[in-house]
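Before any comments, here is the structure.
The values are calculated or read from the model by the stated rules, or taken from the named source; none is laboratory data. All of these numbers come straight from a predicted model, not from anything done at the bench. Because the Cβ atoms are built from the backbone with ideal geometry, glycine has one as well, and the counts that use them run over all protein chains shown.
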Amino acid sequence: LNLTAEQVAGLAPDASSLKAGRGLAGERRWTGLGQSERAVWGLCQGSGAKPYQTQVDLSVPAFRCSCPSRKFPCKHALGLLFLAAEAPAVVPPGEPPDWVAEWLASREDRTERAQQSNARKTAPDPEARARREARREERVTAGVEELERWLHDLARQGLAQARQRSYGFWDEQAARLVDAQAPGLAGRVRGLGGVAASGREAWAEALLEDAGLLELLLIAYRRIATLPEPLQVDVRTLVGWTIAQEDVLRGPAVRDRWAVLGRSIEEEERLRVQRVWLQATQTSRQALILTFAPAGRPLDLSLVPGTVVDATLAFYPSASPLRALMVEQHSAPEPLDSLPGLGVADALEQRAQRLASQPWLWRSPSCLQDVVPVNRAGTWLVAEPDGRTIELSCEDRLGWRLAGLSGGRPVALFGEWRRERLRPISACAEGRFVSL
Amino acid sequence: VSDWDDHVAVALLGTERRAPPSQSLVSVSKSSSAEQRLLASAGALALYRHAGRVAPPAPELPVPAPPDTRPICPPAAVLRLELLFGERRELLAEWLRALERRGFRAPPEHLADLLEGATAGPELRDLVEAVLGERGSWLAAQQPRWAWAAPIPDGEDDRERMWATGERAPRQRLFTVLRRIDPGAARRRLEESWRQESSDDRLWFLSALGEGLSAGDEPLLERALRERRRDVRTAAAALLSRLPESAFARRMRERALALVRVERGLRKRLRIDLPDALDEAMAADGIGDQRAQGLGERAGWLAQIVGLTPLEAWDVSGVSPDQAANLRANDGLEQPFRLGLVQAAHVQRDPRWASALLDLAPALAAIAPAERAAEFALARLREGYLDAAVALPAPWPPGPSARGVALLVELIGADDVRRARLLADRLHPSVLPEASALLERQDPDDLEAGPRARMLIAFISKTLTLRHDMYQELE
């Protein structure tokens, strides 16, 4: 088994599952334990008469258990993995019993069927496809024109007035853009509504920034043919076109030892958005693995912050490529004991470069090296000894956590930009990696 | 910047009320509207401002924390601490105690949460302070709320200044720490400032004098005994009773021995006289300040005198703790006498006497020797009482714990949730695997409580496993 106990802990859907899972990681709870290259399995005695059949397909990983729990993975699967990770001797290698073999076989069937149906779906009918595309272009263009009028009305009547509007005002415009098949623009309009309602001190500045960037995006879309080719892809993606995963996978692949620097999760309406940030240890190139899960479904937890993996990634085309797909993981993760960071000036330069090549890339990552968290008049910032500072976007509790971790000595800090502030995600001090 | 501010000002009012700034970073075609010029120019300015940002120079950095000597607890224990914070906070105190005993310090990223938790729940303060390490006290020094855990200044002058002009919390901290390292010096400071202290502060400082108490404190305590405020007098009297050589203790001993004598006849018994009247000297020593419930006035005086008499006085006069707890007296007067003894055992924190008096006051389990206290708490639990078990924190010694396992199974059978949970929280870690194994063999259908016991078994099993793992992770 290639997982460490920390990684198993990372798979838990919530704290109580984690605790319950740890509680089931004892040998005497289990019978019929075994593992193969592909799977781990065992029978766990619960409170019922019949033991639960618990199995994990390690290749994905995927979980299955005969218990009634709706948690995913359930505590039994977690317990089994903890046991296999911490006491491999009690989980002997062997042939999967029938109930495991059948499940694995059915999973293979399903994958094949899915691939076949994908193949059928993409069966080329170039004409129909071209017609569909042309229709969408028309709709989006109409949507963009309407958005322009709406946005200019906003500017004409003033942001102070817009701020008085109800949610419905923003939501209706967003919904019209969804109908126009421009979901990216819809998200930006909802974002404007969020800023207007945020009650933050500098709301007007933030709203004008976002409205201004949206205007630039609309102008760019109108003139898309005049833009350099990679930026054209960015503009179309920002408006709402998606790039098929197959196309990304067909592009150039980058193999490196990738440090998993951190993870941030955001709740959207019926969706959780997970950003996992990677950085190549050899080239310092950064990558974002963006995944989504409907509410209540588990996120992809295969990349554990604080580890290094030898892996091949394929990057989405962009003027400043950051988003990537995992093509293949070549090795088991190893612990990460340092964060490869930059000085403050270099980090700002890196951010400026990114904005210069892709002006809408505001939420980019930065990894800072040797900075000291400081609390100044209630605001948290990080400072380089004899150098420069960056303000942090963090609540007081997080600031104090950081201060405790650093003890007034330089630490490495990784975070995402939130306008002019950095939101801390993880830090490394005295060889210890800590998710914040 | 002013350019940006102009844009914001126009945007707030709207272009129908105010014309957009004429200068612009971007060239938009002349035919474009005022709104488009405003927004496009604002977008470009926003980019310019963010991309062109120059970081301000660093302020003066804090003096770093001194290096720690103790190691941070292992990673599994760090994970456990996070879980305990989320739920099962009732096990946090036990975890902290185990952490300290094994020579670890708390993980630095959790120090702030521990300090905050113990600020809200003062019962955790001693435990948290013990695992803070250098890093934790360095951190505590930066947040006024955490003054109770902050280090005190090194220099005599700084200490003097803090004592003379500091806020209440840092002064209290200074006194507490000084009292640990140089009790006499701490007291001298208090003696000097006593007249200026408010009566609330006087009361607080008296409560802190219990640490490092010695004969040298007597003059100050005598002074406090003459205070107007009653609870200040009561606190001073209790402290004086802990100094057997003090004049106060001598006065109390004389009063007590004059009232209580042992009659050696066929059956040993006590001969007790009640004080005739509350004379001035008695009143000056705080007798009569409190009215014991359920006792007559004179019996109450007796109880108070005994409560403030050093317990060793009874040993010297030939009354052993067991006799004192059990001998009868004339006219049922053993009752106020025993009440006084219980009070004295609490105040003087005397394990031997606490042990003898457990039946009279189960809460004395917290003071009695651990083995005896645990056996007693078990017996009380068996009878249905939680008091002694509540008073005696986990883990109980292995011997009584091993005997507690059978009781745990019994309690689950009877579906006694409160008692079962309490016992499961107290057993020694060495008996936990055995207890879990025994629980697993229980078939809920055989139990009196039937299927209802299933949930309780599951919960208790979880508790046992959790506590077992918690100790394993700290090995």
- Item | Matching residues in segment B:84-106 - criterion: being surrounded by 18 or more Cβ atoms within 10 Å (Cβ to Cβ), at pLDDT below 95 and within 20 Å of A:GLY404 (Cα to Cα) | B:LEU84, B:LEU92
- Mind checking which residues of segment A:137-158 are loosely packed, with under 14 Cβ neighbours inside 10 Å and within 11 Å of chain B (Cβ to nearest Cβ)? A:ARG149, A:ASP153
- Query: Only one residue in A:LEU339, A:LEU249 is over 20 Å from A:LEU413 (Cα atoms) and touching a residue at least 60 places away in the same chain (Cβ under 8 Å), so which one is that?
  - Reply: A:LEU249
- Task: Say whether the condition of being of a type in the set (Asp, Glu) and touching a residue at least 60 places away in the same chain (Cβ under 8 Å) is met by at least one residue in segment B:132-143.
- Result: yes
- Sole residue being of a type in the set (Asp, Glu), surrounded by 15 or more Cβ atoms within 10 Å (Cβ to Cβ) and in contact with a helix residue (DSSP H, G or I) (Cβ under 8 Å, 6 or more places away or on another chain), chosen from B:ASP350, B:ASP322: B:ASP350
- Note on the structure: Matching residues in segment B:356-377 (more than 9 Å from B:LEU392 (Cβ to Cβ) and over 23 Å from the mean Cα position of the chain (by Cα)) number 6
- Message: Can you list the helices (runs of 4 or more DSSP H) lying wholly within segment B:13-124 that have 3 or more residues being within 11 Å of another protein chain (Cβ to nearest Cβ), free of Cβ contacts under 8 Å to residues at least 12 places away in the same chain and not charged (D, E, K, R)?
- Response: B:34-51, B:75-86
- Kindly establish whether A:GLY193 is at pLDDT below 95, in a helix (DSSP H, G or I) and within 22 Å of B:VAL8 (Cα to Cα). yes
- Complete set of residues in segment A:330-345 that are outside any loop (DSSP other than H, G, I, E, B) and in contact with a helix residue (DSSP H, G or I) (Cβ under 7 Å, 6 or more places away or on another chain): A:LEU342
- Taking first residues from segment A:218-234 that are surrounded by fewer than 17 Cβ atoms within 10 Å (Cβ to Cβ) and at pLDDT below 95 and second residues anywhere that are of a type outside the set (S, T, N, Q) and assigned to a helix (DSSP H, G or I), the pairs with Cβ under 6 Å that are 6 or more apart or on different chains are A:ILE224/A:VAL235
- Task: Could you tell me which numbered condition A:THR312 fails, if it satisfies all but one of (1) in contact with a Pro (Cβ under 6 Å, 6 or more places away or on another chain); (2) β-branched (Val, Ile, Thr); (3) surrounded by fewer than 22 Cβ atoms within 10 Å (Cβ to Cβ)?
- Result: (1)
- Hey, among A:ALA280, A:ALA287, A:ALA259, which residue is surrounded by 12 or more Cβ atoms within 10 Å (Cβ to Cβ), touching an Asp or Glu at 6+ places or on another chain (Cβ under 8 Å), closer than 18 Å to A:SER331 by Cβ and small (Gly, Ala, Ser)? A:ALA280
- Query: Which of the residues belonging to segment B:263-279 are in contact with a strand residue (DSSP E or B) (Cβ under 6 Å, 6 or more places away or on another chain), surrounded by 14 or more Cβ atoms within 10 Å (Cβ to Cβ) and either without any contact (Cβ under 8 Å) to a residue 60 or more places away in the chain or of a type in the set (A, V, I, L, M, F, W, C) (or both)?
  - Reply: B:LEU270, B:ILE272
- Among B:ARG229, B:ARG251, which is the only one that is free of Cβ contacts under 8 Å to residues at least 60 places away in the same chain, within 30 Å of B:GLU191 (Cα to Cα) and touching a Ser or Thr at 6+ places or on another chain (Cβ under 8 Å)? B:ARG229
- Item | Lone qualifier among A:VAL304, A:VAL327 - being farther than 20 Å from A:ASP234 by Cα and either at pLDDT 95 or above or assigned to a strand (DSSP E or B) (or both) | A:VAL327
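Each row is one residue, and each column tells you yes or no for (1) surrounded by fewer than 19 Cβ atoms within 10 Å (Cβ to Cβ); (2) at the interface with chain B (Cβ under 7 Å from one of its Cβ atoms); (3) within 27 Å of B:CYS73 (Cα to Cα).
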residue	(1), (2), (3)
A:ILE390	no, yes, no
A:SER393	yes, no, no
A:GLY399	no, no, yes
A:GLY404	no, yes, yes
A:VAL411	no, no, yes
A:GLY415	no, no, yes
A:SER426	no, no, yes
- Message: Tell me yes or no: at least one residue of segment B:354-367 is in a helix (DSSP H, G or I), in contact (Cβ under 8 Å) with a residue 60 or more places away in the chain and surrounded by fewer than 20 Cβ atoms within 10 Å (Cβ to Cβ).
- Response: no
